Structure formats: C-alpha cells, structure tokens
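Okay, structure first, notes after.
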Amino acid sequence: MFERPDAVPNCMTDTGRNNVHGMTQSAVELHKVALGLCEALSRIPHRHVARSGVRRSLLTTLRDLLILDIRFASQIRAEETLLWDHVYHRVIKQHRTDIVSFRHANEIEKPVQLRKKYKELWVLLMDSIRFYEDLIWHLICKYFPHEIYQVSRLLRKQHRPELEVTPGCTDIDDRKLVFHLLMQLGDLYRYRQPAQISRSRHSLEQARRFYSEARRWRDVSGLPFNALAVIASDQSRWLHSVYYFIRGACAYEACGTAHGNLGITLRKLSKLRLGTEESSYMTLLQSYARVYVGEPLPTTLQASLAETMRQVRERHMRSHDITLLGVILIGLLFLARASDFDGSSVIVGNFVCFTRDFFSACLAIIDIFPRSSLRVLMDLAVSASSSEQSLTIDADEQARILRELDLSNFVPLGERWAMYSRIAR
C-alpha cells in the first residue's frame, strides 16, 4: 500500500460523537444478534440458504445496524464481513457454480431445469439489488445529506425516508463503508449481465456507473479500476482493460489482484491475432504487451508509432486514446521498475526508450491540439524526460494538473514527477 499525500481529517463535532456513543450500546446488541444468525446460517445447506428465514432475519438485523450506527458498523466492517460475505457473496457464488456445473453436464438434455436455475439466480440478484439501493439511500439521507442530490440521480430516488439526520460530518471510515456498498452493488449488476439471466442491455452500464461513483467516495482505492477493467476485458476492449488494470495496480491503495490481472491480459493481448483493419494503436499496444511479458522487441514498433501519430494528425484517431496510451506507458514503466530488483532489466530499458519516443512523437504533433489534458500531459512528460530542460512545477500546480487528468490517484505521477527525471538517464 502506498502512502497517500493528503489525508482526510476527522471533523465530527462533539455533539456528533456523543450521539454516536449513545447509539453504540444498541448497535453492539444488534451485532451480537447478527453473529448468532451468521452461525445459524452457516449450518443450513447452501441450496436452502437463499429462502431461509434465518437469512431474512440476518438481513433485517444488519440493515438496522448499519442505519443505526454507521461509525460502529464501519469499525467492525459489517458491510464486508457480515452483509456481503455471509448473506450475499457466498449464496450468489454457489448459485453461479451450480449453474456452471449443471450446464457442463446437462445443458442439452435438460434445458428446462437450466432455465429454472437461471431464473432463481435472477430473482436472487434482483432482490439483492433492491436491498442495496434502499440501504444506500437510507444511509445517504441520514449521514450524508449533502450527497443526496448526486446519489438520488444514480439510484433514481425521489422521496426521502423519515430519518433523523445525524449532526456533524462523518470521517473517511464512514465514507469507506458506503464505498464498499457501492462496489458490491456494482458487482450485483455485473453478475446480472449474462443473457441467460437478463435480457436487459444496461446491466454493465449500471455496474460501471456504481463503480465510478465508488471512486468518488474513496479516490485512493484501486478496486473500482480493477472492476472496470474486468468489464472491459469481457467486452474485448483491450485499450481500456489494460488502462484500468494499470490504474488499479498503481493506486495509492493498490488492488491486490490488479497486477496479476494485468499480466494475464497482456499475455492474452500479446498472442492476439490482429486483422488488417485494426487501428494502429492496437498494434502499438500489442507491441508493448509483448515486450512487457518478455518477448523479443517487435521490428514493427517504430512503424506502428509513426502510423498512430499520422492517424491522430489526420483526425482518424481520438486524442483521448493517445492519452490512455501515454498513461499505459508510464504505468508499465513504473511496474517494470518496481519488479527490477537488481536494476539490470532489459524490459525497463526498453520501456524507458518507448516512453521517450512516444512523448517525443506526441510533441511533434502537439500543435494540432487545443489546450487540454492531453497537451498538458505531453508538455509535462516531454519536459520532465528531457535532459536539457528543467521541470519547475510547484505543488499546487502539480495537484491541479493531476486533477485535470483524473490522475490524482496515480502513483507513478506522484512525488513531483520523480520518475520522469530518470527517463533521460
């Protein structure tokens, strides 16, 4: 885990602390009840868990606990260890596993039974989504009234529940609880996507919306990027998949699985057979993937780079894609350096050259772009990687640029661009 440069202070008032203390005793009792119900639920055969009265009682208890005392709930991680792990994820995972096993054994012979299993999963997911949306809405209305407008649009809510608003602002741990709930809600929508479960085409779009909203609630975490990358991978959107996995692996709170997922994606990409109609940036991205996984340096790399820049100049390629490629290069260089324990890696040396060549090529066509995040990224990267120029950016200007590029949580660009100063060496 990387150290975040700016911490969020706890600004709860004394009145708020007293109210929280007064609610804690009731919350502790609810926690004891929830633990007992979790133990009872673990003894029920998995095929009966979804419809059991114990599970329904546990859901009600946990909902009351989270709404009653969000501070205590966040301390015991009730939204992760109790609500998600015991009530939802374990049950949904078992349903999905049963469906996969049944399909392999009986898909042709028993289509009716298979459709029944899909319907059961669909009902479970829809009930879960409704529960999560209602819970999040109640928490927002009680603890985060300043967020009501933003979240009401996301959840499509209009009427506020009759709840007493807790005075005083809440700290970063309380926001982390809502962050986890938003991530879990995004997962539920993503699980709903397969055509056999839902004919709706907007499930993945809904999942993306909740993952993106989760980023706003905890901007230092790499988990939302990893989830967005999984969606992009399923859709074979290679540029966005690699970009999001890199963002997840290079966040201040890096996602533990993002780096491994990135390696798997790059190996798939390195072996992908690209057609002649593929964009030049895909050929360029595949070349970077091959070098990163240890394959020989492609002979077509420079030609692909030149063709990519030509397409940008002639407006056949979006400038946004060039920005993504630049961030990908920076991230791959950073991760390659992190894995280079003895400082002798050929891969690192190659990516140093790739980064310099890429941004030098961007500089040659930068005059066609308006003053935008793309141009700022190019200016900074080329200035920082040039041995003839010195980079003089104060902390406020650096923070502004990172916000403009949506890269405030991107470790390789932290510490006053220190990585770039090594590129020219």
Of the conditions (1) open to solvent by 10 Å² or more (accessible area, probe 1.4 Å); (2) out of contact with any Leu (no Cβ under 9 Å at 6 or more places or on another chain); (3) assigned to a helix (DSSP H, G or I), the single one that LEU333 does not satisfy is (1)
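Given the criterion surrounded by fewer than 18 Cβ atoms within 10 Å (Cβ to Cβ), under 22 Å from the mean Cα position of the chain (by Cα) and under 21 Å from ASP187 (Cβ atoms), identify the matching residue among HIS138, HIS89. Spell out how you get there, then give the answer.
Working: HIS138 fails: under 22 Å from the mean Cα position of the chain (by Cα).
Exactly one residue qualifies, and that residue is HIS89.
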Answer yes if at least one residue in the stretch 172-184 is at pLDDT 75 or above, under 20 Å from ASP127 (Cα atoms) and outside any helix (DSSP H, G or I), and no otherwise.
no
If we scan the stretch 380-400, do we find a residue that is surrounded by fewer than 17 Cβ atoms within 10 Å (Cβ to Cβ), modelled with pLDDT of 75 or more and closer than 27 Å to LEU223 by Cβ?
no
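Quick one: count up the residues across the stretch 57-82 that are aliphatic (A, V, I, L, M), within 17 Å of LYS142 (Cβ to Cβ) and more than 26 Å from the chain's Cα centre (by Cα).
Here is the first cut: in the stretch 57-82, the residues aliphatic (A, V, I, L, M) are 58-59, 62, 65-68, 70, 73, 76, 78, 82.
Filter once more, so that each one left must be within 17 Å of LYS142 (Cβ to Cβ): 62, 65-68, 70, 73, 78.
Of the ones still in play, those that are also more than 26 Å from the chain's Cα centre (by Cα) are 65, 68.
Counting residues in the stretch 57-82 that are aliphatic (A, V, I, L, M), within 17 Å of LYS142 (Cβ to Cβ) and more than 26 Å from the chain's Cα centre (by Cα) gives 2.
To keep it simple, each residue is scored yes or no on (1) farther than 16 Å from LEU66 by Cα; (2) in a helix (DSSP H, G or I); (3) at pLDDT below 85.
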| site | (1), (2), (3) |
| --- | --- |
| ILE108 | yes, no, yes |
| VAL123 | yes, yes, no |
| ILE136 | no, yes, no |
| CYS141 | no, yes, no |
| TYR149 | yes, yes, no |
| PRO161 | no, no, yes |
Among LEU239, LEU301, which is the only one that is more than 30 Å from ASP173 (Cα to Cα), surrounded by fewer than 21 Cβ atoms within 10 Å (Cβ to Cβ) and touching a residue at least 60 places away in the same chain (Cβ under 8 Å)?
LEU239
Residue identified as modelled with pLDDT under 80 and assigned to a helix (DSSP H, G or I) among ARG56, ARG103, ARG115, ARG71
ARG103
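The values are calculated or read from the model by the stated rules, or taken from the named source; none is laboratory data. Since this is a predicted model, take the numbers as computed values, not measurements. Ideal geometry is used to build each Cβ from the backbone, glycine not excepted, and the neighbour counts take in all protein chains shown. Note: areas computed on protein heavy atoms with side chains; ligands, DNA, RNA excluded. Shrake-Rupley method; radii C 1.70, N 1.55, O 1.52, S 1.80 Å.
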